[in-house]
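What follows is one structure encoded as structure tokens, with my remarks underneath.
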Amino acid sequence: MLTDILLTLLKAVGVVLGLLTTFAYMTLIERRLLARFQIRAGPNRVGPLGLLQPVADAIKSIFKEDLVVTAADKIIFWLAPFIAITMALSAFGAIPAGPAGSLFGQDPWVFNLDIGLLFILATTSMGVYGIFLAGWSSGSKYPLFGGLRSSAQIISYELGQGLSVLGLLMLTGTMNLVGIVNWQAEHGILILFQGVAFVTFVISSFAETNRTPFDLPEAEQELVAGYLTEYSSIKWALFQMAEYVNMITASAVISTLFMGGFKGPAFLGETIANIPFIWLFAKIALWLFIFIWVRATLPRMRYDKLQQFGWKFLFPVALMNTLATAAYKAFLPNSSLWYLGIFSVLVVIAMIVFSGSRDWQKVDVKTRAVAGD
Amino acid sequence: MVVFVILAVLAIAGAIGTISFKSGIYSALSLVGTLLTLAMMYVTLHAQFLASVQVMVYAGAIMVLFLFVIMLLNESQMSGADPLPWVQPVAIAGGIVLAAALAFTAFQFKAPKNLETATAALQGGTPGAIGETLFTKFLLPFEAVSILLLIAAIGAVSLVHRQPAHNEALETTSEHATDNAYSDETSSNPAKVVA
């Protein structure tokens, strides 16, 4: 019993250290990659290839003056970054990184809940408190706008995200993440059969993590730095940490739900496919790269269009996917899963074809008035 | 037992905070604290599913909306005067009746099944066990509640739905340019806007 608790603690500390190191180097990788996308050199002065840049950044943010504006609500101003980082770090513990017992005889996850997926959705939905309490407690206008934007945005896209996974859960019949991965090892990865859900889930994950093209809460051109405006020093760094950790968690969740999680491709044989960590890490790295790629490619959406996209496109499409999967389960039980695969491919093609006709983007005056733009 | 006492104290402290803080934000945050401690109590009672749904729905969605509205309304505009003075005695009476009913239930409560069978049937409060009960034995109440929520949603939409006043500042040319969906929204052609 006591050793169990100690082991769990040890694994939790390992996960936290791993996440924070990844965060530190993600900032460097992101800046280097963005620089390459924009044909510049990027940070390459501190250490070989700029590899010591994160260390320099850490020292700088710790020793900067920690400003608290007079109009700020002191307690909540302090609390907000800690809420953000706590929620971000605790969500990752539920992600399984390998088959049971593959970490020197231990299980390569911090905790394995039957409600694993729900737990991750619940903790990430709590993470929004950090952002919009930061916005409110700063006591000035721009952070408040950023906070309001983020809370409305996250609530809207949470719906699409939740609906996207419903169809997937109907197929797998479990919310346990290890169970979902094992189902995929048996039947084939879910991106094949839940292509529509995959698209909607990825888009809403971008919105949930406040990444471009959905980074309205900190839109520099309009809001200075949004909810971060009044933050400096280590508290600012904590928010950055939370954002990147959320991104890593989102990558891990996408990999686990749709791309076979910790399992490698089956044609390499059971032994190689079961090697812990490397497959999950490779998939996370791929998704982190896509996050950066998208940031370098797409411009930011306007706020009213973001809401319209969430409610009038993402939500109905995710709902339709749920209904289609339910119909498949009800009317074609025991038939090949490939019917769903063909359906997803057709719908995704239709979405790409009709993305040119921007009817859903038409500006609705009411929504804009509500959005406060 | 120790865990329960700690959680109970936290939950009650949050509840007292909810009604005693002057600032709306602090009140709402205290309520979030109470909801979270309740969720933890569910976990100690092996009701995992209920706990995570509690966090997701109440703390993650409903309270975020509450706080959103409080922030939009800007507290400083609130006056000190009580706009509905007759509510307080009614609320006190209602609170006493509710507390009495809860106390009565708590002391009169007899478990419908003995503890071992109930625990076995719960299966650790996993979604499977809850879903099965919800969609077989309690199907009618479940559907009734969902229809109720639908009615509430439609009601809310119809209440706020009205034709917007004509406001040129908020409109852009793309709303009128039906022939060309790609028309540049930033184009500032006043003739087109009026049309």
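Rounded to the nearest 500, the 222 nm mean residue ellipticity of chain A from helices alone is -22000 deg cm²/dmol, with -39,500 (n - 2.57) taken per DSSP H run of at least 4 residues. Per residue of peptide B:148-160, the mean number of Cβ atoms on other chains within 10 Å of the residue Cβ is 0. Highest GNM mean-square fluctuation among A:LYS235, A:LYS11, A:LYS74, for chain A modelled with Cα contacts below 10 Å: A:LYS74.
What's the local net charge at A:PHE262, with K and R +1, D and E -1, over the other residues with C-beta under 14 Å away? Net of charged neighbours comes to 0. Accessible area per residue for the protein assembly as shown, computed on protein heavy atoms with a 1.4 Å probe, is 54 Å². Out of every Cα-Cα pair that the protein assembly as shown contains, those further apart than 36 angstrom amount to 41 percent. Largest GNM mean-square fluctuation across A:ILE131, A:ILE59, A:ILE85, computed for chain A with C-alpha springs under 10 Å, falls on A:ILE59.
Solvent-accessible area of the protein assembly as shown (1.4 angstrom probe, protein heavy atoms only): carbon and sulfur portion equals 72 percent.
Taking every residue in A:128-139 and counting other chain Cβ atoms within 10 Å of its Cβ, the average works out to 2.
Shape index of segment B:22-154: Rg/Rh, with Rg the Cα radius of gyration and Rh the Kirkwood radius from the inverse mean 1/r over Cα pairs, equals 1.04.
For A:GLU65 and B:ILE12, a Förster radius of 51 Å and the Cβ-Cβ distance give a FRET efficiency of 0.80, rounded to the nearest 0.05.
Using alpha carbons only, the radius of gyration of segment A:63-371 set against its Kirkwood radius gives Rg/Rh = 1.00.
Taking θ as phi - 60°, what are the ³J(HN,Hα) couplings along segment A:259-273 by the Karplus curve (6.51, -1.76, 1.60), each to the nearest whole Hz, with x for Gly and Pro? Calculated HN-Hα couplings, in order: 10, x, x, 7, 8, x, x, 5, 5, 7, x, 4, 5, 5, 5 Hz.
For the chain pair A and B, the buried solvent-accessible surface (1.4 Å probe, both sides summed) amounts to about 3100 Å². Each listed q (0.12, 0.15, 0.16 Å⁻¹) maps to a log10 I(q)/I(0) for segment A:4-138 from the Debye sum over equal C-alpha point scatterers, namely -0.72, -1.01, -1.07. Just round it to a whole percent: the fraction of Cα-Cα distances in segment A:128-264 exceeding 25 Å. Within segment A:128-264, distances greater than 25 Å cover 36 percent of Cα pairs. Length gained on full extension, B:ALA103 to B:VAL57: 13.8 nm, using 0.36 nm per residue less the C-alpha separation.
Ellipsoid semi-axes for segment B:1-74, based on the Cα gyration tensor and the rule √(5λ), read 24, 16, 5 Å when sorted largest first.
The values are calculated or read from the model by the stated rules, or taken from the named source; none is laboratory data. Small disclaimer: the values here were computed from a predicted structure and weren't measured. Virtual Cβ from ideal backbone geometry, glycine too; neighbours counted across all protein chains shown. Protein only, heavy atoms only, side chains kept; ligands, DNA and RNA dropped before computing areas. Shrake-Rupley method; radii C 1.70, N 1.55, O 1.52, S 1.80 Å.
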